[in-house]
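Structure first, then comments.
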Amino acid sequence: MTDSTDRFAHALSVDIGGTFTDFSLLELSTGRVLVNKVLTDPENPHVALIAGATELLDGEDIDFDSLRMVVHSTTLATNSIIERKGAKTALLTTEGFRDILEMGREQIYDIYDLKAQYPPPLVPRYLRRGVDERVDRNGNVVSPLDEDAAMETMRELLEQDVVGVAVSLLHAYKNPEHEQKLKAAIRERFPSVALSLSSEVAPVVNEYERTSTTVADCYVKPAVSGYLASVTGSLAEEGYEGRLLVMHSAGGVIGSDAAAERPVRMLESGPAAGALAARFYGELLGQPDLVSLDMGGTTAKTCVIEGGRPTVSGRIEVARVHRFKAGSGLPIVIPVVELIEIGSGGGSIAWTDSLGLLKVGPQSAGAKPGPACYGQGGDEPTVTDANLVLGYLNPDYFLGGRMRLDADAARRSVARLGDTLGISEEEAAWGIYNVVTENMASSARLHVIGRNKDPRNYSVVAFGGAGPAHACEVARKMGARRVISPLAAGVTSALGCLTAPLSFEEVRSMPSSLAEAGWDEVNAVYREMERQAMRLLAQAGTPDDSVTLARSADMRLSGQIHEINVPIPAGGLGARQLERIQSDFHDIYEELYSRRNLNIPIEVQNWRLLATGPEPTVRLSRQDPDEGADAGVALKGTRRAYFRGAGFIECPVYDRYRLAPGARLTGPAIVEEQESTAILGTQDRAEVDEWFNLVFEVGGAGPA
C-alpha cells in the first residue's frame, strides 16, 4: 500500500468519451504518468469509471486515499440532449410567449432546402405555460406577477409527472424580480422539483437563446446531479477524501456541487479538456500557436490556440439535425472553448452517396457495436477497419493486447465497399483513409484561415486514440510542417483535465452604445458578478486571495450582428477608460478583419467576468536527449503497410516506450503504444524530445 509519507502523492483524471473512457494518473513528485483506457458503458458510465480507476490504481498498488484530486470530464450532459434522455421538463414564460422555442429566429439555416428540419424543442407545447406578468426592455415592471395563478399552473404541470421546471420570463436578464419570486414560491411549495432560472443560467439578451439554454440546463439537471452524486459517493466508498472537480466547457474546472447547479456548462466538458492538453504541450515546447487534433472513436475535434490560449466563444449548438450545418441545432449561450467538430473518428462509417461517391461519417459505429473488427456485431466499414486493412494497426496489440481485432471481419467490410465502388479492397481502404484526412485537414485549414492566419505557421498537436495515425497526412494537406504527439497520446485529453485551473465565468447583458454606457450600472454589475464567481470558487476550496479576475465585453460595430471579445480594465469604470477600451476594440477588430472602422459607433452587448484560481503545477518526467540514442533498440519487427506512392511495403514497427529522448526515426515507420499508433509517411522524420514527445517534421507539406 502507499506509504504514509507519500500521502496525497497522485492526481487522477477521467475523461468519458463516446467510445472509450480514458484515465490518467499523475505522480506529483516525479511527473510520471500512468494511463488506462476502457470501453465506455453508456448505460452505467459511473460504474465503468470506478472499475477503470480501480484497475489503474491496483496495478500500481496505490490507494484511493492517496489521491490529492480527482478531475472529471464527461459527455453525459450532451448525450442526454442528443438522445432525448433528460428529465420531463416544463417551461414557465411570460403569457403569450410560450412558442418561442419553435419560432426561434425564424431563419432557414439552408436557403436551398425548403424542407429544412429543426430539432424538436426539449419541452413539448402542452408543457409550456404562460404566467401573468410583464417587464419592459428597460427592466420596468409593467404588470406585476400573479403568483397565485402561477402556482395553480405549477400544480397542473406536476399532475403531468413533470420533474423539472425552466423559468424564462421576458426581459428577465434586465430585471430578475419576477423570476426570483417564482423561485421562492416554487421552492416553498414544490421543493423536490428541479428548477432553472434564465436570470441565473443565462442572463443575456436574445430571448430565444436565453430560453433554449435555460431549458437545456433544467432538462439535464436531474441526470447530471444524480450522476455526479453517484460518482462522488462511489469515490468516497473507495476511500477518496477530497472533492470531485469537473471540467466545464470554457476550459476550467469547478466543484461538482457547482457543476450540478449549472450542468449546462458541462456540454463541451470532454473536448475542452483536449484543448487544454494541447495548450499545455505547446507551452512546454515553446509553441504558442497550435492546432489541436483530437481524434477519438466517435469524432475528431480541432481547436486553434493562439498565443498559448485556446479561443473561447460565447455560444454553441447541440443536437443538430445536420451535424455540420450551423443553425440546425439548439442554441446554447455559455462560455465554451471554440472547437470545430468533424465526423471523423475511428468508428466513423464509410458509405457511398447517391452519386456513388465515397463518404466517411458523420454516422459512427460508436462503442457498441463498434467497427467490424471489434467483433461485437458491427459489419459496416469504418476508419479503424481501413487502418487495419492498410497495416497501420496491429490486431494483437490494440489497447496493449487487451482487445484483439478481427482482421478478417475488417477486410470483409472494406471489400464490400470496394465492390460497390468497383475498386479493390486495398484501394477502398486507402480511399477511406484519404477522405477522412482530407475532411480533417480542410476543416482545420478553414478554421485557421477564417481567423486571418496562415496554417503554415502552426504546429499540430495530435492525440486521441486515432489522432497520431492520421496527423502527418492531415498536416501535409493543410500545409503545416510540424506535428507533436505526446506520450500516451490516446489518453491526452484526460491529462488535460489536470492542467485546468479552477475557474468560472459570469456574464450580464446591458445592450447600449459604448460611448453612452451607464458606468455606475456597469460597475454595480461587475461587483455582483464578482461576488457570485467568488462564491462558486470558494465552494471548490479556492481562497479569495488566490483568485484572479479578468474582465471583458462583447462588442460590435453598429449595424453588425456578430461581436468580438474585448478586454476591460480593472477598477472603477468611467469616461476616462473609454478611449482605452475603444482603442483595444479597433486593434482586435483589425487583427481579425484587416481593417479599422473608426467612424462607426461601437455597441456593447455583454459584460463578462472570468474568475480563475491558481494554475495547477503539472510536471512531466523529463530526460535530456542523447545524441547517440539508437531507435534500433525499440524495433519490434516489420509488417506490410500501405503508403502513398509506394503501395504495400515492409515497414519497420517501433515500441513507443523504448524510444529514448534523442532517438530519430525516418519514414516510413509505425510507432506503437497501448492507446494509439503513430504513422510516419515516406517523406516524414521524427525525433523524441526531452519530454518523450514524438516531434514530426512533415515532408511534402504544400501551400495552404
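Right, Ser344: of a type in the set (Gly, Ala, Ser), out of contact with any Ser or Thr (no Cβ under 8 Å at 6 or more places or on another chain) and part of a loop (DSSP other than H, G, I, E, B) or not?
no
Would you pick out the residues in segment 632-663 that are of a type outside the set (D, E, K, R), touching a residue at least 40 places away in the same chain (Cβ under 8 Å) and within 19 Å of Leu694 (Cβ to Cβ)?
Across segment 632-663, the qualifying residues are Ala641, Cys651, Val653.
For segment 58-75, which residues satisfy the criterion of being surrounded by fewer than 22 Cβ atoms within 10 Å (Cβ to Cβ) and out of contact with any Asp or Glu (no Cβ under 8 Å at 6 or more places or on another chain)?
Asp58, Gly59, Glu60, Asp61, Ile62, Asp63, Arg68, Met69
On the given criteria, is Gly270 over 14 Å from the mean Cα position of the chain (by Cα), outside any loop (DSSP other than H, G, I, E, B), in contact (Cβ under 8 Å) with a residue 60 or more places away in the chain and buried (at least 17 other Cβ atoms within 10 Å of the Cβ)?
No.
Write out, first by first residue and then by second, each pair whose Cβ atoms fall under 6 Å of each other, whose residues are 6+ apart or on separate chains, and whose first residue, in segment 514-529, is in the same structural domain as Ala575 (by TED's automatic domain parsing) while the second is charged (D, E, K, R).
Pairs found: Val525/Arg508; Met529/Glu506.
Tally up the residues in segment 540-568 that are in a loop (DSSP other than H, G, I, E, B), over 22 Å from the mean Cα position of the chain (by Cα) and under 21 Å from Met69 (Cα atoms), please.
4
Go through segment 636-654 residue by residue and tally those that are surrounded by 15 or more Cβ atoms within 10 Å (Cβ to Cβ) and either touching a Lys or Arg at 6+ places or on another chain (Cβ under 7 Å) or over 16 Å from Asn387 (Cβ atoms) (or both).
Within segment 636-654, residues that are surrounded by 15 or more Cβ atoms within 10 Å (Cβ to Cβ) and either touching a Lys or Arg at 6+ places or on another chain (Cβ under 7 Å) or over 16 Å from Asn387 (Cβ atoms) (or both) number 5.
Conditions (1) touching a Pro at 6+ places or on another chain (Cβ under 6 Å); (2) part of a loop (DSSP other than H, G, I, E, B); (3) without any contact (Cβ under 8 Å) to a residue 24 or more places away in the chain, marked per residue:
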position	(1), (2), (3)
Asp396	no, yes, yes
Leu399	no, no, no
Ala410	no, no, no
Arg416	no, no, no
Asp419	no, no, yes
Trp430	no, no, no
Tyr433	no, no, no
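How many residues, within segment 576-621, are more than 21 Å from Gln560 (Cβ to Cβ) and in a loop (DSSP other than H, G, I, E, B)?
Adding up the residues that qualify gives 9.
For residues that are of a type in the set (Ser, Thr, Tyr) and within 19 Å of Trp607 (Cβ to Cβ), scanning just segment 575-596, find the one that is farthest from the chain's Cα centre (by Cα).
Out of the qualifying residues, it is Ser583.
Might you check whether a residue that is of a type in the set (A, V, I, L, M, F, W, C), touching a residue at least 12 places away in the same chain (Cβ under 8 Å) and in contact with a Ser or Thr (Cβ under 7 Å, 6 or more places away or on another chain) occurs anywhere in segment 498-512?
yes
Sort through Glu106, Glu102, Glu27, Glu55 and tell me the only one that's on the phi > 0 side of the Ramachandran plot and surrounded by fewer than 20 Cβ atoms within 10 Å (Cβ to Cβ).
Glu106
Determine, yes or no, whether Pro455 is modelled with pLDDT under 95, buried (at least 22 other Cβ atoms within 10 Å of the Cβ) and under 19 Å from Thr677 (Cα atoms).
It is false that Pro455 is modelled with pLDDT under 95, buried (at least 22 other Cβ atoms within 10 Å of the Cβ) and under 19 Å from Thr677 (Cα atoms).
Report whether or not Ala229 is over 20 Å from the mean Cα position of the chain (by Cα), modelled with pLDDT under 95 and under 30 Å from Glu159 (Cβ atoms).
yes
The values are calculated or read from the model by the stated rules, or taken from the named source; none is laboratory data. Everything numeric in this text was worked out from a predicted model, so none of it was measured. All Cβ positions, glycine included, derive from the backbone under ideal geometry; neighbour counts span all protein chains shown.
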